[in-house]
Amino acid sequence: MSKMDQASKEAWQWVESTEAGAITIDHIQTSYRLKVATCKPGKCKKNCKINPRCLVGLGEKVWLEDLKVTEEEQEDPCDIVRKEGNFVGLTNLGATCYINSLLQLWFHNPIFRKAIYSWVPFFDPSEKENKTLDLLGMGGFIPNSPVGKLQLLFAQMQFSKRSCVNPTSLITSLGIDTTTQQDAQEFSKLFLNLLEDKLSLQTDTTVSTMVYDQFRGEYEYVTRCSKCQKESSSPSAFYELDLSLGSKSDVTLDECLAEFLHEEKLEGTDQYFCENCSSKQNATRSIRLRHLPAMLNIQLLRFVFDRKTGLKKKVSSMVHFPFVVEMSNYVKTQGVEPSSLTYDLSAVLIHRGPSAYSGHYIAHIKDPVTGTWYKFNDEVVQKIEGTNFKLGIEEDLEDSKKGRAGAKVTKGSHGSSNAYMLVYSRRDAAKPESVPACSTTPSLSDPCSVLPPWVQTTIFNENENFEAWTRDTVSRKDESLKKSREKHSKMRRLYGSLPCNSLDQGEFIPTQWLSSWLGNDEKLRPIDNSILLCEHGKLNPEKFREYKLVSSSAADELYAEYSGGRRLNINDLCWDCVTTKCITSQLRSQLDNESKLIANLLKSKIDPNQPAFWIGKESLRSWKKMVLERMVNSERESMKVKNGVDSATNQIEEATISDLPITSKHKMERKRSNGQYNGSRSIVSERFDRQPDRSEWQVEFEKTLEWENRPSSASSVGEIGFNEDLLCPHDKLTADEGPRRLIHSAVWEILHRHFPEAIEFSSSEPPCEKCIRMAEQEGQTKESNRLLAMEQKSLLQDLFRSKNRPDPFAVQNGEIYVIAKEVIDKWRSFVRDSSRKEPVTCMSNAQLLCHHGGLLHRPSPDLESESMFVYLWPCEWEALSRFAKVDRVILLRRVVPEGTETGFSLNTEPAVCESCLEKRLEEERRSQLVYSRAAIYVRQVDKIGALTDNLTDAPSASTFSSSVAEDPDFQMGSETKRPRLDSTAQALAVSCPVPALSPATVGQQQQARRSSRQRRGRGEKEITVSSDQTLLDLKRDIMKKFQVAPFDQHLTCEGRDLNDNQATLASLRIFPGTVIILQADEPSEDPSLMEDYARTAIPEEGFKGTELLRS
């Protein structure tokens, strides 16, 4: 027994030995469990719901402990004060980490930053129509140009008081979607190109040529004839060196550079036409570096096209790169000292994640002033201690998850499988500023830190506002902490005063409200005690789990602060509820004893010579429940009288009920006397007499149906009265012995004491004569239907078993009748089960006809006809016509034209309506093109021509309609497929003359049945598709099945080439079950084709529509 049941038993244990009139206040308090001792603190692990005095585990723990000063919600990094000497982070606006990493890279280039600070808006065309340009000297200028936005952003990154700044203004001016991650390498190229165009209009040459001087290098494509050794070159500029990683899992930067500059031999079909030799000759082609920029950007091509999947993928090869690289070894035509081509590593940009379409970008950048390395991860900036920061181990997350150790790197170098961009700075380049870029105070002596006046004013105002906001925030936090301490002390004191020592000084409050109060619920409502009240308006004793007893002093404080009502104390204990519970429990005990006695009496055999009575089985099952419900209803009525409720309404309701036909009230008032009801006529018979236009049989039958469909649950028995469930629709003993049972007179005496108004039927009472007559008539009808079904089955045995069916295309058949298959299906159901199914009295062919009266279906030997028609022999038609009426006769006649012996035509009466037939077929085809998760089949062949030859050898549509003797689907032993007849071919098959068939062929044709099961031929594979799926999606599914790349697939369907990758399968008229032919083209080695497909496989907008691509 559970604790809850045990507590309930203890609360009401006194009921067994106490009469209702002897109840005392002690009994009342015991029922409310107020005699249970108060739980001591620390004794209960959780709140005792069965003890109204237990106040433990309601949420008081947080108030009894010391106040914990916790941080509020996670602060925005932009709201944190920047520490002196720290660099500033950049807010990630959703998917802008790739922009943030590059902005940090360019900011830490002193020459780059100085040029941006020196930008003058008067020379920028974007600012010509800027209305705030006149406020430039007063600090009210708001730039329109992306360069002006970048100028302000760089100033914020260097001098802002915040630890993080927001780049929204710059990114918005570029028109970039912040929710889509783009290619970082592409953004770098486009943004530098934009800057070069914008800055080229400045008058200061250090500004206008900054991008050129810092990032532009030159190389040339050199082709040398192997015969005459003459070279031809084509110079080209670059801002980044794009190095391929190859197929190795571990490469060095030197190997990548060597691969970039290696000589390619032009031989055979690739020979070079030498103008000096005036003929094609073997030659070599290579790239030769001519000039390197001050900042050498090396792009590692980690994102490449995967031929197997048709998508881009990330190459995770480990790349080793040194701290210092000597580029003089790679520059062949450079007229400078080798020492001037020494480059130091200044930045490493990282792409985290295994996918080429997602991931996270971070930057590792060396401070050019202090030489210290920092990691810039959007808003978070971390200083990297030491010189060897183990870049490969730190950032290769996938390897660390798999437990693989970091790659071994040699001294003086780094290694990473995620680095995608390396930045090297030339040692002879301009020396950086002497003041670090992390200083928050502008130094006017340092030319790199001199800001335009409008920028200085903006930065000064932003810092002033931020400092004021910070001071206000600290003040509000202190005030909030003070209030928290005061509330903590108050809640601890008030909780300590909750326990009640005396019942006379206690009140009841809902447990849920106390839990919400101690749980510091912000939406705490006033105290609502209405949920604790019984129907008498007092405290409900059954809800002792939902309230707690607290002291009156604590209740006074709670009501004063939170309001509410009504207040409940010891005087609100409900004597009526406890008394009712006592009476009910005692009655239940009495009923249990009587139930056991009745159960024993029912087991004994009934003596035919002793009196016995009929009782409804439902009444016998639920008599205890009905007794208890009657007592509860009686108690409620007495409460209404006690509370002064006007009983006039009840009297009106009772009078109304007494006037209603066939109700419990009417039946209970009519006692049996000598086997007859009081009164000469029943209300039911009166109702029959008032409807002379309807036969007695119709009324009786409808009444019986209504009675048989009534609910049979115990609840319905309680509604209609005890023992009324054995009444028939005529208010007499039902003739059906199923719902009634014969019991001893002793059992009836016990039940009659509880239900004195119950209807009494002795064992000698005859059943209802009307019901007996109806049962006999129903039996006669069933017997008549059975004989009819047997007769129809014997006459139409072949039709019933679907054997020896006529074929309108056979030679010996002249006239054949047609009936709708739906009608025959109903007839077969009746013949199989005549006791439950009604006989078919009307056979309708209307569904086979259009509104013009013509046929909507053309008879043919295919599945459609078999699913709509049933062909009948003339003798079968004559037999069916005797049993049922036919609305429209459909007849097929085989006509042999005069002068011919080898052909015939098939005429229909009525004729086929061509327009309606075509409309129906078109609607069906259209509906078939809307599907989901349907199966189609793909078959791979070596040559399309070979397959076409095989299909050409197949029989024609017209010949097939009359001479096919094989299954038209794919044969398991053959690779050919017979074409299925379409609607056009079917039309030709019926209207065109066909050669006569031999008897042997006719027999074969009658045995050949088209299979409704989809067969899959050898070499075919099933693919699940939807009609709204594109051809490109289908090609990807085919690639998974056949391992053929989409751009190598040549697909045909019914002789049509499928080429439009963006077209849906519905628009290509690919139906469920369609067989598509696949021919795999020879793999192409042209890399441009791969790149083109990569763009179409997953359409990417890139930077289309942004300022980066506007000239």
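The values are calculated or read from the model by the stated rules, or taken from the named source; none is laboratory data. None of the values given here were measured: they were computed from a predicted structure. Methodologically, a virtual Cβ is constructed for each residue, glycine included, from the backbone with ideal geometry; neighbour enumeration extends over all protein chains shown. Accessible surface areas use protein heavy atoms only, side chains included; no ligands, DNA or RNA. Shrake-Rupley method; radii C 1.70, N 1.55, O 1.52, S 1.80 Å.
Residues that are assigned to a loop (DSSP other than H, G, I, E, B), of a type in the set (Gly, Ala, Ser) and surrounded by fewer than 19 Cβ atoms within 10 Å (Cβ to Cβ) are absent from segment 18-29 altogether. Among the residues of segment 247-270, is there at least one that is more than 16 Å from Val319 (Cβ to Cβ) and within 49 Å of the chain's Cα centre (by Cα)? The answer is no; no qualifying residue exists.
If you check Gly1055, Gly1073, Gly1017 for being at pLDDT below 85 and among the small types (Gly, Ala, Ser), only one passes: Gly1017. Note on segment 835-849: residues that are assigned to a loop (DSSP other than H, G, I, E, B) and open to solvent by less than 20 Å² (accessible area, probe 1.4 Å) total 1. Across segment 1025-1045, the number of residues qualifying as in a helix (DSSP H, G or I), more than 18 Å from Ser1067 (Cα to Cα) and out of contact with any helix residue (DSSP H, G or I) (no Cβ under 9 Å at 6 or more places or on another chain) comes to 4.
Rundown of residues vs (1) aromatic (Phe, Trp, Tyr); (2) open to solvent by 60 Å² or more (accessible area, probe 1.4 Å); (3) at pLDDT 55 or above, yes/no style:
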| position | (1), (2), (3) |
| --- | --- |
| Thr372 | no, no, yes |
| Gly392 | no, no, no |
| Ser400 | no, yes, no |
| Ala430 | no, yes, yes |
| Pro453 | no, yes, yes |
| Asn461 | no, yes, yes |
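For residues that are in a strand (DSSP E or B) and out of contact with any Ser or Thr (no Cβ under 7 Å at 6 or more places or on another chain), scanning just segment 274-283, find the one that is most open to solvent (accessible area, probe 1.4 Å). Among those residues, the one meeting the criterion is Lys280.
Looking at Ser595, Ser516, Ser589, just one residue is under 30 Å from Trp748 (Cβ atoms) and open to solvent by less than 50 Å² (accessible area, probe 1.4 Å), and that residue is Ser595. Given the criterion open to solvent by 40 Å² or more (accessible area, probe 1.4 Å) and more than 30 Å from Cys277 (Cβ to Cβ), identify the matching residue among Leu243, Leu174, Leu201. None of the others qualify; the one that does is Leu201. Of the set (1) hydrophobic (A, V, I, L, M, F, W, C); (2) over 19 Å from His752 (Cα atoms); (3) modelled with pLDDT of 85 or more, all apply to Ala648 but (3). The residues of segment 560-571 that are on the phi < 0 side of the Ramachandran plot and touching an Asp or Glu at 6+ places or on another chain (Cβ under 9 Å), listed by number, are Arg566, Arg567, Leu568, Asn569, Ile570.
Residues are listed down the side, and each one gets a yes or a no for (1) more than 20 Å from Ser515 (Cβ to Cβ); (2) assigned to a helix (DSSP H, G or I):
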{"site": "Glu535", "(1), (2)": "yes, no"}
{"site": "Arg545", "(1), (2)": "no, no"}
{"site": "Leu549", "(1), (2)": "no, no"}
{"site": "Ser553", "(1), (2)": "yes, yes"}
{"site": "Asp556", "(1), (2)": "yes, yes"}
{"site": "Tyr559", "(1), (2)": "no, yes"}
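Annotation: Pro766 fulfils all but one of (1) in contact with a strand residue (DSSP E or B) (Cβ under 9 Å, 6 or more places away or on another chain); (2) open to solvent by less than 50 Å² (accessible area, probe 1.4 Å); (3) modelled with pLDDT of 85 or more; the unmet one is (2). Exactly one residue among Glu479, Glu507, Glu522 is part of a loop (DSSP other than H, G, I, E, B) and charged (D, E, K, R), and that residue is Glu522. A Cβ distance below 6 Å, combined with a sequence gap of six or more or placement on separate chains, defines the contacts here; from segment 1039-1066, residues that are closer than 21 Å to Ser1027 by Cβ and open to solvent by 80 Å² or more (accessible area, probe 1.4 Å) reach residues that are among the charged types (D, E, K, R) and part of a strand (DSSP E or B) in the pairs Lys1041/Lys1021. Within segment 1055-1069, the set of residues being assigned to a loop (DSSP other than H, G, I, E, B) and acidic (Asp, Glu) comprises Asp1060 only. On inspection, Leu788 passes the criterion of being open to solvent by 20 Å² or more (accessible area, probe 1.4 Å) and not acidic (Asp, Glu).
Residues are listed down the side, and each one gets a yes or a no for (1) part of a strand (DSSP E or B); (2) farther than 22 Å from Pro859 by Cβ; (3) without any contact (Cβ under 8 Å) to a residue 40 or more places away in the chain:
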| site | (1), (2), (3) |
| --- | --- |
| Leu788 | no, yes, no |
| Ser794 | no, yes, yes |
| Leu799 | no, no, no |
| Lys803 | no, no, yes |
| Asp807 | no, no, no |
| Tyr817 | yes, no, no |
| Ile824 | no, no, no |
| Arg828 | no, no, yes |
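Within this structure, Gly140 fails the test of being open to solvent by less than 10 Å² (accessible area, probe 1.4 Å) and within 26 Å of Thr203 (Cβ to Cβ).
When you look at Leu494, is it part of a helix (DSSP H, G or I) and within 45 Å of the chain's Cα centre (by Cα), yes or no? In short, no. The set of residues in segment 233-262 being over 23 Å from Arg302 (Cα atoms) and in contact (Cβ under 8 Å) with a residue 40 or more places away in the chain consists of Ser233, Pro235. Could you count how many residues in segment 561-586 are in a helix (DSSP H, G or I), open to solvent by less than 50 Å² (accessible area, probe 1.4 Å) and among the hydrophobic types (A, V, I, L, M, F, W, C)? So the count comes out to 4. Filtering segment 328-358 to residues that are among the acidic types (Asp, Glu) and either within 22 Å of Leu301 (Cβ to Cβ) or modelled with pLDDT under 85 (or both) leaves only Glu337.
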